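As structure tokens, the structure follows; a few thoughts come after it.
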Amino acid sequence: MELLEHEEKRRMSREEAAQLLRDIADSLARHNDLSFTREGLKYTVDVPDQVDVEIEIEIGDESGLEIEITW
């Protein structure tokens, strides 16, 4: 299978970021997949019942939270 990779960075409010995470969580819980549209094309990625989750928190001059889900 050909690798499809897309990375996007955008600035948004804390509340918008929380809504984005809720939308992702709802999609995983209800539909067992993730759907997104890029450049006019809709992609759907099936997600299995078991996944690996990695959470990284960095605190310093520039703090951050990274959540990675792989399968």
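Bear in mind these aren't lab numbers, they're just calculated from the coordinates by the rules spelled out. Small disclaimer: the values here were computed from a predicted structure and weren't measured. Glycine gets a Cβ as well: all are built from the backbone with ideal geometry, and neighbour counts include every protein chain shown.
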Subset of segment 19-35, residues more than 25 Å from E2 (Cβ to Cβ), among the hydrophobic types (A, V, I, L, M, F, W, C) and surrounded by 10 or more Cβ atoms within 10 Å (Cβ to Cβ), comes to L20, L21, A25
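Taking E66 as the residue in question, decide whether it is among the acidic types (D, E) and not in a strand (DSSP E or B).
Working: among the acidic types (D, E): yes; not in a strand (DSSP E or B): no.
When the stated conditions are applied, E66 does not pass them.
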Would you say R38 is in contact with a His (Cβ under 7 Å, 6 or more places away or on another chain) and of a type outside the set (S, T, N, Q)?
yes
Could you give every pair whose Cβ atoms fall below 6 Å, whose first residue belongs to segment 29-41 and is within 16 Å of I69 (Cα to Cα), and whose second residue is in a loop (DSSP other than H, G, I, E, B), counting only separations of at least 6 or pairs across chains?
N32/V47; D33/V47
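Consider E16 carefully, then state whether it is charged (D, E, K, R) and either surrounded by 10 or more Cβ atoms within 10 Å (Cβ to Cβ) or under 14 Å from the mean Cα position of the chain (by Cα) (or both). Explain how you work it out, then say what you get.
Details: charged (D, E, K, R): yes; either surrounded by 10 or more Cβ atoms within 10 Å (Cβ to Cβ) or under 14 Å from the mean Cα position of the chain (by Cα) (or both): yes.
Here the answer is yes, as E16 does meet what is asked.
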Residue in segment 36-58 that is nearest to L4 (Cα to Cα), counting only those that are part of a loop (DSSP other than H, G, I, E, B) and of a type in the set (V, I, T):
V47
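Go through segment 1-34 and report how many residues are of a type in the set (D, E) and not in a loop (DSSP other than H, G, I, E, B). Show your work before the answer.
Step one: of segment 1-34, the residues of a type in the set (D, E) are 2, 5, 7-8, 15-16, 23, 26, 33.
Pick out the ones that are also not in a loop (DSSP other than H, G, I, E, B) and you get 15-16, 23, 26, 33.
The number of residues fulfilling the criteria is 5.
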